[in-house]
Amino acid sequence: MFRILKKSLKTGVVTGRYPSAVQPAEQIAAGAREKADPFGRSLTIREVDTGSCNACEMEMNALTNSVYDIERFGIHVAASPRHADALVVTGPVTVNMERALKDVYKQTPDPKLVIALGDCAINCGLFKGSYAVTGPVERHIPVDVRIPGCPPRPAEILKVLSELRGGDDRQ
Amino acid sequence: MADAAAAAALLKKEFSEAVLAMASIHGISWLRIQTDQVPLLVHYLHAKPDVRGSLSLLWAVDHRPREARYEVLYLFTLAERQDWLLLSTELSDETRLFRSITPHIHAAQWYEREIRDMFGLIPQGHPDLRRLVRHEHWPKGTHPLKKDFAWDQVLGRQQGEYRFRHIEGEGVFEAPVGPIHAGIIEPGHFRFSVAGEPILQLEVRHFWKHRGVEKLFEQRTLIDAVPLAERVSGDTSVGHGLAYCQAVEMMMGMTVPRRGRYLRSLFLELERIHNHLGDVGAICNDTAYTLAHAHCGRMKERIMQLNDRLTGSRFLRGVLTVGGVTRGLAALQFDEIVAELDQIEKDFSELESIIFANASLADRLETTGVLTERTARDHVVTGVIGRASGIDRDIRRDRPFAAYDELPVNVALYQYGDVRARLRVRIDEIHESIRLIREIRRKIPAGPIAVEPSRVPNPGEWGLSAVEGWRGEILYYVMAGENGCIHRCKVRDPSFVNWPAIQWAVQGNIIPDFPLINKSFNLSYAGNDL
Ligand code: SF4
């Protein structure tokens with residue numbers, strides 16, 4: 001017990017120790033912010049991987065570590081689409097995941113936002129044209145927000161998400 | 001019996017009729033075998049006590065339009081000196097049949113089903129011919145890696161159902177899980193059969209993320225395909241990128257300058273550290289021990305930020321190129337790396353003593369998800385998972401690449417094959433990687449970091465390479481086509497061989513322990529599905 005406390009005290013607060021996002025987050029379409037309005041200052045998101053290389057997932061996961069600590073902004077990751085305000089979709093949408101994506105979209109209650117995370121979700125990236133890919137995401141479901149990058153840095157994702165909920169990304 | 005040349009000579013002697021040709025290409029012993037003799041020969045190779053070849057890779061090549069034939073290739077690694085022995089057999093473009101070796105060598109089963117799906121070649125005598133990569137809704141006759149299949153065609157949809165293996169009996173239930181899971185993880189399907197709490201059987205149904213990677217390689221040139229390799233499995237960007245580059249370099253006979261090779265080792269070890277840190281935290285987290293998870297997440301983030309400062313990419317993307325690396329680090333940056341790692345190692349060691357003082361954690365980890373050495377060997381399991389089950393293999397030591405010929409690696413090895421053993425291997429490897437990076441700073445020579453490719457390879461030339469990534473052995477086989485394009489690129493992520501093994505490791509465990517066992521394997525879905 002003593003060891004654990006000592007470790008925590010020694011470590012101190014690490015939240016916020018990250019370089020600020022450099023990429024401007026101008027990708028939020030005009031209508032998207034209004035759509036996000038009903039959710040107030042909080043946002044519950046469900047992550048759907050439709051064929052990413054998994055780096056985009058890793059950065060989403062990084063948002064939950066103590067450095068970014070996404071929960072302090074009222075942003076939660078839900079385990080089911082039924083609890084979600086927003087879907088975060090990664091990957092170029094493979095033929096095998098197309099159905100699953102549409103199902104998840106249907107199961108998410110309205111009003112809802114769709115956020116395409118990463119170049120693959122936005123335009124299929126390097127996988128564009130492949131027989132096994134039917135994306136991008138907006139071919140199958142309406143997309144409100146795009147966060148480009150391969151993968152976008154956690155700080156960049158955070159910036160967009162916090163802007164959506166009408167705050168800034170440092171507090 | 002020692003090296004591959006001797007083994008090849010022995011096979012030639014024992015099976016003089018069956019062996020059609022014998023050669024050594026890029027130092028790899030190679031035998032061309034008569035198609036119907038393949039099972040007999042590989043059985044001998046696999047079972048003979050002083051040879052003990054284990055199957056490392058099995059793949060096919062469609063040689064059209066240059067030559068009207070298919071080729072099926074078998075890469076064996078021989079027990080003692082870890083030598084490679086390559087066998088191949090040819091099929092005319094009329095035949096669609098080849099002899100399955102799965103009845104003799106269990107590890108061949110997914111490979112042969114993959115060949116069936118991707119090339120439409122049928123492994124005769126294979127005990128399980130259900131589809132693997134292609135899901136049931138793909139139209140009949142779709143075989144994407146055949147040369148007459150257009151890479152960008154739109155697939156139709158048909159009806160069909162995958163038949164899971166059923167267990168019947170009183171009180172036996174099936175629990176389907178996935179493809180979409182609760183957390184932020186990749187999609188895959190798991191079908192459990194349980195009687196009460198214990199798992200009787202698990203069947204994994206993957207390939208949801210199949211993006212047609214190998215076909216996409218064929219649309220690129222040898223030089224510009226590195227970004228695609230980096231995106232096969234994002235968490236292993238360096239591992240895959242490096243294995244690809246090395247295969248092309250072998251094909252072209254290029255020698256990467258020493259400084260470039262040291263930098264490659266550096267990047268590979270950085271990747272290993274940040275992934276292992278994440279895994280140690282995630283394993284603890286799945287026992288609800290969130291304290292360790294929080295600390296590990298923080299340390300992992302430090303490395304990712306360090307990666308970003310060094311190279312402009314948190315995943316170290318864009319640092320590799322055919323012929324070397326693109327970033328030469330300054331001495332100052334080496335000081336920064338080592339200073340950061342010194343702090344992290346101290347930090348991590350403190351955490352380690354906290355973790356192992358926790359009795360309830362130990363209780364969850366010990367004897368959970370045991371993968372026996374026998375099962376591991378039968379599946380030719382690789383990497384961390386193999387080393388936790390007593391398989392003493394590490395490509396960095398056994399078949400040195402990058403700068404590992406000058407950087408001897410101490411290989412972590414545990415016997416029990418449980419979750420704890422897999423955790424221990426990772427922890428030991430974090431320390432070892434940090435030590436290696438200190439060595440790299442001490443030993444790295446001055447000089448150029450890359451060479452330019454000097455020629456365009458002829459169609460049909462090939463290269464083969466292995467890299468010990470943080471998960472295990474990554475294999476690439478690259479064959480040149482016309483005008484410096486890629487004719488064929490076979491990608492083998494360690495996950496492809498380790499996924500079938502997890503089905504055995506969970507037997508007898510309870511479903512609530514599955515996430516923990518799965519985390520301790522931490523396999524890639526993207527790298528498996530391709
Ligand atoms: S955008 Fe880049 S990082 Fe994200 S899934 Fe696609 S290839 Fe991977």
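Residue by residue, here is whether (1) more than 12 Å from the ligand (Cβ to nearest atom); (2) outside any helix (DSSP H, G or I); (3) more than 10 Å from chain B (Cβ to nearest Cβ) holds:
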| site | (1), (2), (3) |
| --- | --- |
| A:56 | no, no, no |
| A:72 | yes, no, yes |
| A:76 | yes, yes, yes |
| A:96 | yes, yes, no |
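Restricting the search to the range B:212-271, which residues are on the phi > 0 side of the Ramachandran plot and either at pLDDT 95 or above or within 12 Å of another protein chain (Cβ to nearest Cβ) (or both)?
Within the range B:212-271, B:212 is the sole residue that qualifies.
I need the full set of residues from the range A:79-94 which are open to solvent by less than 10 Å² (accessible area, probe 1.4 Å) and away from the ligand (no atom under 13 Å from the Cβ), in order please.
A:84, A:86, A:87
State whether one or more residues within the range A:154-166 are open to solvent by 10 Å² or more (accessible area, probe 1.4 Å) and without any contact (Cβ under 8 Å) to a residue 40 or more places away in the chain.
No - not one qualifying residue is present in the range A:154-166.
If you go through the range B:489-522, how many residues are open to solvent by 10 Å² or more (accessible area, probe 1.4 Å) and more than 19 Å from residue B:55 (Cβ to Cβ)?
12
Residue check, residue B:278 against (1) open to solvent by less than 10 Å² (accessible area, probe 1.4 Å); (2) at the interface with chain A (Cβ under 10 Å from one of its Cβ atoms), all met but one. Which one?
Tallying (1) open to solvent by less than 10 Å² (accessible area, probe 1.4 Å); (2) at the interface with chain A (Cβ under 10 Å from one of its Cβ atoms), residue B:278 fails exactly one: (1).
Does the range B:423-440 contain at least one residue that is open to solvent by less than 20 Å² (accessible area, probe 1.4 Å), in a helix (DSSP H, G or I) and of a type in the set (S, T, N, Q)?
yes
Restricting the range A:98-148 to residues that are acidic (Asp, Glu) and not in a helix (DSSP H, G or I), which is nearest to the ligand (Cβ to nearest atom)?
Selected residue: A:144.
Give me the pairs, please: first residue somewhere in the range B:428-443 and not assigned by TED's automatic domain parsing to the domain that holds residue B:331 and polar (S, T, N, Q), second residue anywhere and open to solvent by 10 Å² or more (accessible area, probe 1.4 Å) and in a helix (DSSP H, G or I), beta-carbon distance under 9 Å, and either six or more positions apart or on two chains.
So the pair list comes out empty.
Can you say whether residue A:20 is within 11 Å of chain B (Cβ to nearest Cβ) and either away from the ligand (no atom under 16 Å from the Cβ) or open to solvent by 50 Å² or more (accessible area, probe 1.4 Å) (or both), as far as the supplied structure shows?
No.
When you go through B:208, B:151, B:138 one by one, which is the residue that is open to solvent by 50 Å² or more (accessible area, probe 1.4 Å) and at the interface with chain A (Cβ under 9 Å from one of its Cβ atoms)?
Residue meeting the stated conditions: B:151.
What pairs can you find where one residue is in the range B:339-354 and at negative phi, the other is among the β-branched types (Val, Ile, Thr) and modelled with pLDDT under 90, and their Cβ atoms are less than 7 Å apart, with a gap of 6+ or different chains?
Within 7 Å, the pairs are B:354/A:4.
With the structure loaded, tell me whether residue B:448 is surrounded by fewer than 18 Cβ atoms within 10 Å (Cβ to Cβ), assigned to a loop (DSSP other than H, G, I, E, B) and touching a strand residue (DSSP E or B) at 6+ places or on another chain (Cβ under 9 Å) or whether it fails that test.
So residue B:448 passes the test.
The values are calculated or read from the model by the stated rules, or taken from the named source; none is laboratory data. Remember, it's a predicted structure, so these values are computed and weren't measured experimentally. Every residue, glycine as well, gets a Cβ built from its backbone with ideal geometry; the counts of neighbours run over all protein chains shown. Only protein heavy atoms, including side chains, enter the accessible area calculation; ligands, DNA and RNA are left aside. Shrake-Rupley method; radii C 1.70, N 1.55, O 1.52, S 1.80 Å.
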